[in-house]
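J.: Take a look at this one; I'll ask things after.
The values are calculated or read from the model by the stated rules, or taken from the named source; none is laboratory data. Since this is a predicted model, take the numbers as computed values, not measurements. All Cβ positions, even for glycine, are placed from backbone atoms using ideal geometry, and neighbour counts span all protein chains on display. All accessible areas refer to the heavy atoms of the entire protein, side chains included, with ligands and DNA or RNA removed. Shrake-Rupley method; radii C 1.70, N 1.55, O 1.52, S 1.80 Å.
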Amino acid sequence: MTVILAIETASSSCSAALRVDGEILERSEVGNNVHSGVLLDMIDELFNTGKLSPQDLDAVAVGQGPGSFTGLRIGVGVGQGLAFGAACPMIGVSSLDALAMQSGRDGAVIAMLDARMGEVYWCEYRKKNDVIERVHDLNVSSPSTVVSSAEKLTVIGNAWDVYAGDFSLLAMKSDLSISKLTYPSAAALLSLAEQKYRKQDWVDAAVFSPVYVRNNVAKKSSKKLPGRREEAGS
Amino acid sequence: MEKALPNRLLSPNRVLGIETSCDDTGVAIYDSQQGLLGHALYSQIKTHQEFGGVVPELAARDHIRKVIPLVDAVLKQANCERETITGVAYTSGPGLAGALLAGSAVAKGLAYSWGIPAVGVHHMEGHMLAPMLEENAPEFPFVALLVSGGHTLLAEVKGVGEYKILGQTVDDAVGEAFDKTAKILGLGYPGGPAISKAAEKGDPKRFTFPRPMTDRPGMDFSYSGLKTFALNTVEKELIDQQTVCDIAYAFQDAAVDTLVIKCKRALLHTNSKRLVVAGGVGANIRLRAQLKSLTDKMRCELYYPRIEFCTDNGAMIAYAGSQRLHQASPDLSFQVKPRWSLEDLPPV
């Protein structure tokens, strides 16, 4: 039996999942800044329930985001520590991919998470049963630019509620279904991780990293000096 | 292999230490009987240089990339089996919240995976105990001067966890004042070494900066005024290279002088014969020379960690963790403390 632990911390929902005797067990808790307080306890509970220990791990799968930077690093850091300690590889799964997997309806799916600052992280998928395919790369942009060529479309993730009126390009779809599910879950992540594990699509804990998508996080300092300068000719 | 140091441990231990409070990722292994077995550091200076100061989000991103590779490197360097590690220590505060969380998460995950305890360490306690890693380690009690980009404080140290703060900065840290003044002078980041270098060519007589808070009793510091004085001087003067050097000289002279005046007060106040200097500014040559002359005059002993352990490092966290491993909580949750007073620590 392959033992894969899945961790998902990109949103306000902190969750962990483990497959025990063919069934996926999941623990989750929603709240701001709860992740560092609950994550390892959830994992410990899963191991105890499954009568397993970290040393039994074949891989640790972690949601790589995009999402809350700090939340991501709590999941990735704990995952790295667990994987390095158990000398097993890590499997990176996009948190948006996990979210898309949770859609109850097949076909065109847009997974979207609130990125704050008036933007959303989003990606469009084609889903069939438990197989998803991305239509394009992961995005961060304003809600008004979120677009799809499909008329029959499912939208999933907390960004819809946060920016409800702003998705002008989606609002006119003839068959738009808004999923009630708002956060990516470790259980969905685990299903994707198992697919990747079978393809040996894993990496070493030393090179595992979040995928932030939003990368312009700081302003460069200006080189200009205050005060009078000789060359300024003042 | 380094000298084993006497300590008050209940049983021998071997601790992996992880430091991620600011812009250095440090990892080390300390053995309570064999001393420091290995250490490695990744400095993020290049990441932050173009921004003229530490960008917290970028610092956290670097930490999460670097901790595991450094742990791997240090285990190999120390040539020690994972099974021999008996505890993991990590900096749980004070510092940048995101940076602290990155290191804490890896440390807690690793300790859980190995089935060993994890202990959160106070960053400044790590600094104050860093001289204990040297051959010539100070005995308790002593006065500690902690000077870095984030901290400026004087403490009376009677033992591990027995700290009384004698004075601290009421605004900027001294290292921060060096950084900000260097930025004003266009000298780049980090400011300490840049200002020291420029000051070498400075004219001691051209400018005189004030010595804040030395005209009244007490051991607190203030550095934001000194930085403002530098800014005002720059705005008044025609800035050429020599003027930059002259201002650098006057700034450093005032910054260092203030520290020395307060150290003298602290030694007199506590009637102590030992002064321990730690933190990045402890590498400043001018400060070292002035403190040497002060302690010689007062017939006191002066202690520093080796230069590489003046700045943030994993060795001091591994050492402090070794002292406190028996206090590790079995709690699997982890909370960082961006603000945390040394005086809140329990004695060992």
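J.: Any residue that is open to solvent by 10 Å² or more (accessible area, probe 1.4 Å), facing another protein chain (nearest Cβ under 9 Å) and free of Cβ contacts under 8 Å to residues at least 60 places away in the same chain - is there at least one of those in the range B:87-97?
T.: no
J.: Would you please name the residue that is nearest to the other protein chains (Cβ to nearest Cβ), looking only at residues in the range A:196-212 that are touching a residue at least 12 places away in the same chain (Cβ under 8 Å) and open to solvent by 40 Å² or more (accessible area, probe 1.4 Å)?
T.: Across the range A:196-212, the extreme among qualifying residues is A:204.
J.: Among the listed residues A:18, A:52, A:39, which satisfies the condition of being more than 14 Å from residue A:78 (Cα to Cα) and either aromatic (Phe, Trp, Tyr) or within 13 Å of chain B (Cβ to nearest Cβ) (or both)?
T.: A:52
J.: Determine if the range B:87-108 includes at least one residue that is within 15 Å of residue B:20 (Cα to Cα), assigned to a helix (DSSP H, G or I) and hydroxyl-bearing (Ser, Thr, Tyr).
T.: yes
J.: Can I ask one more? For the range A:28-56, give me the residue count where each residue is touching a residue at least 40 places away in the same chain (Cβ under 8 Å) and farther than 23 Å from residue A:202 by Cβ.
T.: Looking only at that region, the number is 3.
J.: Turning to a different aspect of this structure: Go through the range B:183-217 and give me each residue that's of a type in the set (Ser, Thr, Tyr) and open to solvent by 60 Å² or more (accessible area, probe 1.4 Å).
T.: Going residue by residue through the range B:183-217, those that are of a type in the set (Ser, Thr, Tyr) are B:189, B:196, B:208, B:214.
Passing the criteria: only B:208.
J.: Same structure, new question: Select, from B:206, B:216, the only residue that is within 28 Å of residue B:143 (Cβ to Cβ) and not in a helix (DSSP H, G or I). So that I can check it myself, show each step before the final result.
T.: On the way: B:206 fails: within 28 Å of residue B:143 (Cβ to Cβ).
Result: B:216 is the single residue among B:206, B:216 that is within 28 Å of residue B:143 (Cβ to Cβ) and not in a helix (DSSP H, G or I).
J.: Hey, another quick one. Kindly provide the set of residues from the range B:156-173 that are assigned to a strand (DSSP E or B) and in contact with a Gly (Cβ under 8 Å, 6 or more places away or on another chain), ordered by number.
T.: B:167, the sole residue that qualifies.
J.: Scan (1) within 14 Å of another protein chain (Cβ to nearest Cβ); (2) touching a residue at least 40 places away in the same chain (Cβ under 8 Å); (3) over 21 Å from the mean Cα position of the chain (by Cα) for the single condition residue A:170 breaks and write down its number.
T.: Unmet for residue A:170, out of (1) within 14 Å of another protein chain (Cβ to nearest Cβ); (2) touching a residue at least 40 places away in the same chain (Cβ under 8 Å); (3) over 21 Å from the mean Cα position of the chain (by Cα): (1).
J.: With the requirement that a residue be assigned to a strand (DSSP E or B), aliphatic (A, V, I, L, M) and at pLDDT 95 or above, what does the range A:5-29 give you?
T.: A:5, A:6, A:7, A:16, A:17, A:18, A:24, A:25
Here is a yes/no grid of residues against (1) of a type outside the set (Val, Ile, Thr); (2) open to solvent by 20 Å² or more (accessible area, probe 1.4 Å); (3) part of a strand (DSSP E or B):
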site: B:261; (1), (2), (3): no, yes, no
site: B:265; (1), (2), (3): yes, yes, no
site: B:269; (1), (2), (3): yes, yes, no
site: B:275; (1), (2), (3): yes, no, yes
site: B:292; (1), (2), (3): yes, yes, no
site: B:321; (1), (2), (3): yes, no, no
site: B:330; (1), (2), (3): yes, yes, no
site: B:333; (1), (2), (3): yes, yes, no
site: B:347; (1), (2), (3): yes, yes, no
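J.: Right, another one. May I ask you to verify whether residue A:94 is away from chain B (no Cβ under 14 Å), in contact with a strand residue (DSSP E or B) (Cβ under 9 Å, 6 or more places away or on another chain) and either within 20 Å of residue B:64 (Cβ to Cβ) or not polar (S, T, N, Q) (or both)?
T.: It is true that residue A:94 is away from chain B (no Cβ under 14 Å), in contact with a strand residue (DSSP E or B) (Cβ under 9 Å, 6 or more places away or on another chain) and either within 20 Å of residue B:64 (Cβ to Cβ) or not polar (S, T, N, Q) (or both).
J.: Let me ask something else. With respect to the numbered conditions (1) away from chain A (no Cβ under 11 Å); (2) out of contact with any helix residue (DSSP H, G or I) (no Cβ under 6 Å at 6 or more places or on another chain); (3) open to solvent by less than 30 Å² (accessible area, probe 1.4 Å), which one is the sole condition not fulfilled by residue B:248?
T.: If we test residue B:248 against (1) away from chain A (no Cβ under 11 Å); (2) out of contact with any helix residue (DSSP H, G or I) (no Cβ under 6 Å at 6 or more places or on another chain); (3) open to solvent by less than 30 Å² (accessible area, probe 1.4 Å), just (2) comes out false.
J.: Right, something else. Collect the residues in the range A:76-93 that are open to solvent by 10 Å² or more (accessible area, probe 1.4 Å) and under 15 Å from the mean Cα position of the chain (by Cα), keeping them in residue-number order. Don't jump to the end; show me each part of the working.
T.: The first filter runs over the range A:76-93 and keeps only residues open to solvent by 10 Å² or more (accessible area, probe 1.4 Å), leaving A:84, A:86-89, A:92.
Across the range A:76-93, the qualifying residue is only A:92.
J.: Step by step: first the residues of the range B:16-30, then only those that are over 19 Å from residue B:133 (Cβ atoms) and more than 10 Å from chain A (Cβ to nearest Cβ), then the one that is surrounded by the fewest Cβ atoms within 10 Å (Cβ to Cβ). Which residue is that?
T.: Going through the qualifying residues, I end up with B:22.
This table checks each residue for (1) closer than 25 Å to residue B:346 by Cα; (2) over 17 Å from the mean Cα position of the chain (by Cα); (3) assigned to a helix (DSSP H, G or I).
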site	(1), (2), (3)
B:110	no, yes, yes
B:113	no, yes, yes
B:130	yes, no, yes
B:145	yes, no, no
B:149	no, no, no
B:154	yes, no, no
B:178	no, no, yes
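J.: Here's a follow-up. If you take the residues of the range B:172-182 that are within 14 Å of chain A (Cβ to nearest Cβ) and in contact with a Lys or Arg (Cβ under 6 Å, 6 or more places away or on another chain), which of them is surrounded by the most Cβ atoms within 10 Å (Cβ to Cβ)? Lay out the reasoning, then the answer.
T.: In the first step, residues of the range B:172-182 are kept if they are within 14 Å of chain A (Cβ to nearest Cβ); the result is B:179-182.
Then drop every residue that is not in contact with a Lys or Arg (Cβ under 6 Å, 6 or more places away or on another chain), which leaves B:180-181.
On the way: B:180: 21, B:181: 28.
Ranking the qualifying residues of the range B:172-182, first place goes to B:181.
J.: Examine the range A:66-75 for a residue that is in a loop (DSSP other than H, G, I, E, B) and open to solvent by 30 Å² or more (accessible area, probe 1.4 Å), and state whether such a residue exists.
T.: yes
J.: What are the residue pairs meeting all of these: first residue in the range B:102-116, first residue more than 7 Å from chain A (Cβ to nearest Cβ), second residue among the charged types (D, E, K, R) and buried (at least 24 other Cβ atoms within 10 Å of the Cβ), Cβ atoms under 8 Å, and 6 or more apart or on different chains?
T.: B:103/B:19
J.: Further, regarding this structure: When both residues are 6+ apart or on different chains and their Cβ atoms are under 6 Å apart, which pairs have a first residue that lies in the range B:31-54 and is more than 28 Å from residue B:134 (Cβ to Cβ), and a second that is small (Gly, Ala, Ser)?
T.: What qualifies is B:51/A:218; B:51/A:221; B:52/A:221.
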